[in-house]
Every structure is written in C-alpha cells, then in structure tokens.
1. Which ones in the stretch 93-113 are away from the ligand (no atom under 16 Å from the Cβ) and surrounded by fewer than 24 Cβ atoms within 10 Å (Cβ to Cβ)?
2. Of the residues in the stretch 263-307, how many are among the β-branched types (Val, Ile, Thr) and buried (at least 24 other Cβ atoms within 10 Å of the Cβ)?
3. Criterion first (free of Cβ contacts under 8 Å to residues at least 12 places away in the same chain, within 16 Å of the ligand (Cβ to nearest atom) and of a type outside the set (Ser, Thr, Tyr)) does Gly312 satisfy it?
4. Looking only at residues in the stretch 250-305 that are part of a loop (DSSP other than H, G, I, E, B) and farther than 30 Å from Gly240 by Cβ, which one is nearest to the ligand (Cβ to nearest atom)?
5. Out of the residues in the stretch 315-342 meeting the condition of being assigned to a strand (DSSP E or B) and more than 16 Å from the ligand (Cβ to nearest atom), tell me which one is farthest from Leu50 (Cα to Cα).
6. Could you check, for the stretch 179-187, whether at least one of its residues is more than 16 Å from the ligand (Cβ to nearest atom), farther than 26 Å from Val51 by Cβ and either at pLDDT 95 or above or in a loop (DSSP other than H, G, I, E, B) (or both)?
7. Can you tell me which residues in the stretch 70-110 are in a loop (DSSP other than H, G, I, E, B) and among the aromatic types (Phe, Trp, Tyr)?
Amino acid sequence: MADQTDDGTKTLDSSNSGESPGVVFPPESPEEGIPHSSATHFNNDLKSVLVTSVLNLEALDVDLYRGTHHWVPRTQRLFGGQIVGQALVAAAKSVSDHHYAHSLHCYFVRAGDPKVPVLYQVERTRDGRSFCVRSVKAIQHGQPILICQASFHMLQESPLQHQFTMPVVPQPEDLLTVEELIHQYLSKPDLAETARQGLNKLLANEVPIEIKPVNPPHFYRHTATQPKQLFWVRARGHIGEGNMKLHCCVAAYVSDYAFLGTALLPYPNYRAKFSASLDHAMWFHSTFRTDEWMLYECESPWAGGSRGLVQGRLWRRDGVLAVSCSQEGVLRVRPATQPSKL
Ligand SMILES: CC(C)(COP(=O)(O)OP(=O)(O)OC[C@H]1O[C@@H](n2cnc3c(N)ncnc32)[C@H](O)[C@@H]1OP(=O)(O)O)[C@@H](O)C(=O)NCCC(=O)NCCSC(=O)CC(=O)O
C-alpha cells in the first residue's frame, strides 16, 4: 500500500512488485532528492508557461506587483523557486536595460499560501554608476514570506577571468527524461498497483521544467549515495534569446527544484517529515538560455542540526559556467521504519 509521509514523500509496500520493501517513492515535490519532470502533454514549441504566466507579474503601482501560481507542490506550500523568480522579475523592472542581475540573496521567512496571490514590493536601495541594489519583499496576508536583495551590474570587461571545468557527462540526447524513465517502470509487468498509481500521478504533475538525470533516479531508493547529483534541465517551451533578465528569473525558478534533496541522498533510511529551503543565493556569471539544456551540478558539503547546505552550478552545455547557487534548508527526519503521524 502507498503511505504518504509527513512531507509528501510516498513510501510503498512493494511486496508484490519484486522490489525491496519500504522503499522511497520518487519525489512529487521539490523538497525531495530525485528530480523528476512533468506531464508529457506539454508542447515544447509553445511559449514557456514560465514566461506567459508564472513570471508575468501584474503591475499594481510603482514598484508594486502581483504574481500568481502555476504549479504548487503537494506540500501545499508555494514553491520557493517561484517566489525567488518572481521577486527577481519585480526587482529587474526597476533597473535600466543596461543593468544585469549578478547576484541575489533571499530568506524564506514564512510558508507561501497557494490560495492567494503574492505581492512584491520593491525598494530602490541604491543606484550607482555601475551597480544597482534592490530589496524586494514578497507579501501575503500582510506579512513577508520572502525577503530578497538583488544586485545588478553593467557589463564591464576585465582581464581577470577563470572558471572551474564542467564535469564530463553524457549529452542530453543520450539520456531519458524522467517521464520516459517512469514509462519504463510502468512497463514492468510485476509492478505493484500502488506503485503504478503513484507513477501515473507523477506523470500528471505539471512542473514547467524538463529534466534528464545523468544518473537515473532509483525509483525504489534503498542505497545511500554521495550527496551529489547531476541533471540536465531546461524550461519547457520556447523563451528565445535576447532577454537575459528573463533568463536569470527563469534560472532562479529552476535552481530551487530538487536542490535541497541532494542533502538527503546519503540517508535512505530516513524520511523527511519536514523539509523546506530557508535561504537561497545565486550568482549569475555569463549569458545563457534557460530554454536550452543546462547541466545542474548539485552537491551538499554539510548537514547537521536539522539543516543541510547545498551548492549548485548551472553549466551551459558548451562548458561555460553560467550560474552558481547556494541554499540552506531545514531537514527534520524520522527513521523510515517509523510510520508517519499523518
Ligand atoms: C522554516 C520555518 C517553518 C520556520 O521554522 P520554525 O520552526 O521557526 O517554525 P514554527 O515554529 O512555525 O514551526 C513550524 C513547524 O515545525 C515544528 N517545529 C518547530 N520547531 C521544531 C523542532 N525543534 N523540532 C521539531 N519540530 C519543530 C512546529 O511544531 C511546526 O509544526 P506544525 O506546523 O506541524 O505545528 C519558516 O521559516 C518557513 O516556513 N519558512 C518558509 C520555508 C519555505 O516555504 N521555503 C520555500 C519552499 S521549499 C522549496 O520550495 C524548495 C525545497 O524545499 O527544496
């Protein structure tokens, strides 16, 4: 039988499936470790819903915007990447076309309520000759749910230039999407009915991101791995080149997806009963297109005290380091053998 854990992860009694019992079901929200992609009916020729809807804020007044939701995780708490992406859209509207986001630092201070829109209030903290700093408060029910500082810079050439080297991995054309991996599982004749139902629910999930894991996820995870994961990722649908501000906002959305789950990979014997990102920081290094495949390299150098730290690098497929990310999240767990209180 399927059993939903405290934070939305599913455990399965797979005694009829030929798999190990008590295993973890693939995550259905960004809170858990294995990334997955969404419904197969998305048409990649269409404009990305991230552009037409999620990041398309309504202007209410000077420096005041309203954002709505497209996809809400099963936790019924707003997706952190959506709030960061929308906050960056709001901040970017108040700077000139010559200023590009180079970094942002955010705290998620309250859970976002999916039943109401989010207001974004921008404060023009400083306008300098080359840098502009903005402070954005995301508000629901009169209270901040996110505070974000974003900084913008004019392009400035420099002889100082270096970067790490991109990991050597299979190209996205040689890998399967998460939906394709799920379909492979669904074709197994000995798959338990509950597992089949759970996998079908995952296929119906409309996350506007497409993912190809480099090391395909264990849909029945029962081995500890290093706290590292690599996956190719891109926005679903067309965005087009030219609007670097927009691609930074889409990268903010994408970068929070499955990120914190990296810290759970060494602990298959524990289930997250509460996990959420606490803060999120990003540094934008070069131009990139989020509607083209980018390699997301995620690792967790530390976990302790019911928190975990994750660091990530988004690479252009030509090897250029495009974005660096860092996040700490709260990770409250229980032994996998202990039943959920829900
Ligand atoms: C992290 C916070 C809950 C703050 O934690 P606090 O512990 O201070 O909050 P709180 O006191 O209201 O308690 C919240 C719940 O935790 C329980 N709780 C509190 N302290 C505890 C402790 N020491 N041990 C065990 N449980 C504890 C409370 O009983 C309550 O459960 P109960 O409610 O059962 O009574 C809050 O800052 C927050 O919600 N921030 C927003 C996080 C977020 O939404 N991030 C973006 C989404 S995550 C995402 O998108 C990406 C990702 O996660 O990967």
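1. Pass one, the stretch 93-113, residues away from the ligand (no atom under 16 Å from the Cβ): 93-103.
Correct list: Lys93, Ser94, Val95, Ser96, Asp97, His98, His99, Tyr100, His102, Ser103.
2. Here the count works out to 1.
3. On the way: free of Cβ contacts under 8 Å to residues at least 12 places away in the same chain: no; within 16 Å of the ligand (Cβ to nearest atom): yes; of a type outside the set (Ser, Thr, Tyr): yes.
No; evaluated as a whole, the condition is false for this residue.
4. Gly305
5. Applying the filter and picking the extreme gives Leu321.
6. yes
7. Residues satisfying the conditions are Trp71, Phe79.
The values are calculated or read from the model by the stated rules, or taken from the named source; none is laboratory data. Everything numeric here is computed off the predicted structure, so don't read it as measured data. Neighbour counts are summed over all protein chains in view; Cβ atoms, including those assigned to glycine, are modelled from backbone coordinates with ideal geometry.
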